[in-house]
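Heads up: the structure comes next, in structure tokens.
The values are calculated or read from the model by the stated rules, or taken from the named source; none is laboratory data. From a predicted model like this one, the values you see are computed outputs, not experimental measurements. Positions of Cβ are generated from backbone atoms using ideal geometry, with glycine treated the same way; all protein chains shown enter the neighbour counts. Calculation scope for accessible area: heavy atoms of the full protein, side chains included, ligands and nucleic acids excluded. Shrake-Rupley method; radii C 1.70, N 1.55, O 1.52, S 1.80 Å.
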Amino acid sequence: MITQNLNRLLYFDIETVGVVNDFYSLPDRLADIYMRKNEKAIEECGSAQEHWNKHAGLEAEYAKVCCISFGSFKEEADKSLIFRVKSFCGENEVNILRDFLVILENAKGYNLAFHNGIGFDVPFLAKRYIINSLPIPRKLNKLGVKPWEDCDVDTINIWRGGNFQSKMTSLDLLTAVLGIESPKGDMDGSLVGEAFYAGEFDRISTYCQNDVVAVARVCQRMNLETPIADSQIRRV
């Protein structure tokens, strides 16, 4: 069970893509380091471009944030519960990071909620804030924070039940076993880069928002609550 008040959590997810679409347009120094670091894997893939297409979006040194979606529960005047979700998405990573910084700084009294956020989203964002010469939002600065002092909710760790040596459970699998609608629509993470460089930002935004809604529903199920229905979701 999650001890935090689910209505006082800011649920979020990010989507990332390689900083360039064409590996060979990388600055020479970065390309050289990438080639040396992944030499064997590149040989197995067949080419540096093929390896780049599959893996670059996962490394903050070689990838950028193309979308951040976030949401929270809100009780309406008639006591009905809704979930509002919004995205910052597009080509300008600096604008996305700045806009999210404002959201985080104004989310006083809220903790964060995510799936594998401690393992990926939070450190990835922190690195990208530094790379873009922006301050790391206080809520994302985990340096020196002990695990038992961190009140953020990571559903992947809750599902592990304290066994941190167990395999990671994907959000898609977790929703499946909990009887929650799959967050995956007409795309998955492997298609985000292709969609981004085709200018399909609305598609990426919808995909990212679906993951945020899924995390919120997982949190409700973990607390033995009925997950919100589609009719309770407000995409703003």
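Observations on the model:
- Three-way shape call for segment 93-223 based on the alpha-carbon gyration tensor, with the a/c threshold at 1.5: oblate
- In Å, descending, principal axis extents of the Cα set of the chain: 58, 40, 36
- Counted by Cβ distance under 12 Å from residue 4, the other residues give a net charge of -2, where Lys and Arg count +1 and Asp and Glu count -1.
- For residue 134, net neighbour charge (Lys/Arg +1, Asp/Glu -1) across residues whose Cβ lies under 15 Å away: +3
- Accessible surface of segment 57-167 [probe 1.4 Å, protein heavy atoms]: carbon and sulfur percent: 53
- Probe 1.4 Å, protein heavy atoms only - accessible area per residue of segment 92-196 in square angstrom: 55
- Counting DSSP beta bridges with both ends in the chain, the antiparallel % (nearest 5): 70
- Estimated 222 nm signal from helices in the chain, with DSSP H stretches of n ≥ 4 weighted -39500 (n - 2.57), rounded to 500: -11000 deg cm²/dmol
- Candidates 11, 207, 24, ranked by Gaussian network fluctuation over the chain, Cα under 10 Å, top entry: 24
- Note on the chain: GNM, Cα springs under 10 Å; of 19, 212, 102, the largest mean-square fluctuation is that of 102.
- Between residue 106 and residue 167, the distance separating the two model label sites (each 7 Å from Cα on the Cα→Cβ line) works out to 4.3 nm.
- Segment 207-235 and segment 21-92 have Cα centres separated by 23 Å.
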